[in-house]
Amino acid sequence: MSSINVDNKSMKLEVLILPVSDVNRAKGFYESLGWRLDADFVTGEDFRVVQLTPPGSECSFIIGNGITSAVPGSLQGLHLVVFDIETARAELVGRGIEVSEVFHDVGGIFHHVGYEGRVPGPDPERHDYASFASFSDPDGNGWLLQEVKMRAPGR
């Protein structure tokens with residue numbers, strides 16, 4: 001028998017709920033990003049669970065009916081960490097997704113809300129965690145690509 005070691009102190013974020021207004025439209029959008037469809041369960045007119053996972057991610061996203069009271073499009077600042085922001089952006093654009101130009105923040109620490117403080121181009125010194133590009137799903141849930149080539153210690 002094989003066993004799996006589980007650290008009883010670990011807490012891993014594995015699933016987030018994304019509020020959407022049209023499950024089929026959102027499912028098609030996220031599949032067009034190249035996300036893996038993990039599940040699509042329908043148990044009635046008012047309950048459906050669709051789970052998708054971005055490539056290489058350990059965290060999945062659920063969209064559906066009857067699973068959240070959050071307003072469609074209300075999630076902002078969801079980060080997808082990528083090794084090369086320009087390549088990742090070009091891939092999404094090639095898939096027909098409207099993606100902002102690459103930017104860094106005027107303060108150099110973390111991006112501001114919305115479009116405030118955006119400086120065109122990647123971080124001039126190409127610091128990790130400092131270059132971004134943004135896009136939204138059809139409901140307006142806001143995503144950011146964030147470039148990280150070398151993770152901070154302990155990450």
- Task: Round to the nearest 10 and give me the degree value, 0 to 90, for the angle of helix 85-94's Cα axis relative to the longest principal axis of the chain.
- Result: 50
- Points 7 angstrom from Cα along the Cβ direction at Tyr115 and Phe41: gap in nanometres? 4.2
- Message: Can you give the longest run of the chain that contains no GluC sites (Glu not before Pro) sitting in a DSSP loop with at most 14 other Cβ atoms inside 10 Å?
- Response: 59-97
- Using alpha carbon centroids, what distance separates segment 9-34 and segment 101-118, in Å? 25
- Message: Just to be sure I understand the model, the point goes 7 Å from the Cα along the line to the Cβ. What's the resulting Ile17 to Arg151 distance in nm?
- Response: 2.8
- Rounded to the nearest 20 Debye, what is the dipole magnitude of the chain about its Cα centre when Lys and Arg each give +1 and Asp and Glu each give -1 at the C-beta? 320
- Query: Once fully extended, how much extra length lies between Val71 and Asn24, figured as 0.36 nm per residue of separation less the alpha-carbon to alpha-carbon distance?
  - Reply: 15.2 nm
- Between Phe83 and Ser57, the two model label points (7 Å from Cα along the beta-carbon direction) sit apart by a distance in nm of 1.9
- Message: Defining a contact as two alpha carbons under 8 Å apart and six or more residues distant in sequence, what relative contact order in percent does the chain show?
- Response: 22
- Message: Could you work out the percent of alpha carbon pairs in segment 1-114 separated by over 16 Å, rounded to a whole number?
- Response: 70
- Item | Angle in degrees between helix 23-32 and the longest Cα principal axis of the chain, rounded to the nearest 10 | 50
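Computed from the coordinates by the stated procedures, all read-outs in this text should not be read as laboratory data. Please read these numbers as outputs of a predicted model, since none were measured by experiment. Because the Cβ atoms are built from the backbone with ideal geometry, glycine has one as well, and the counts that use them run over all protein chains shown.
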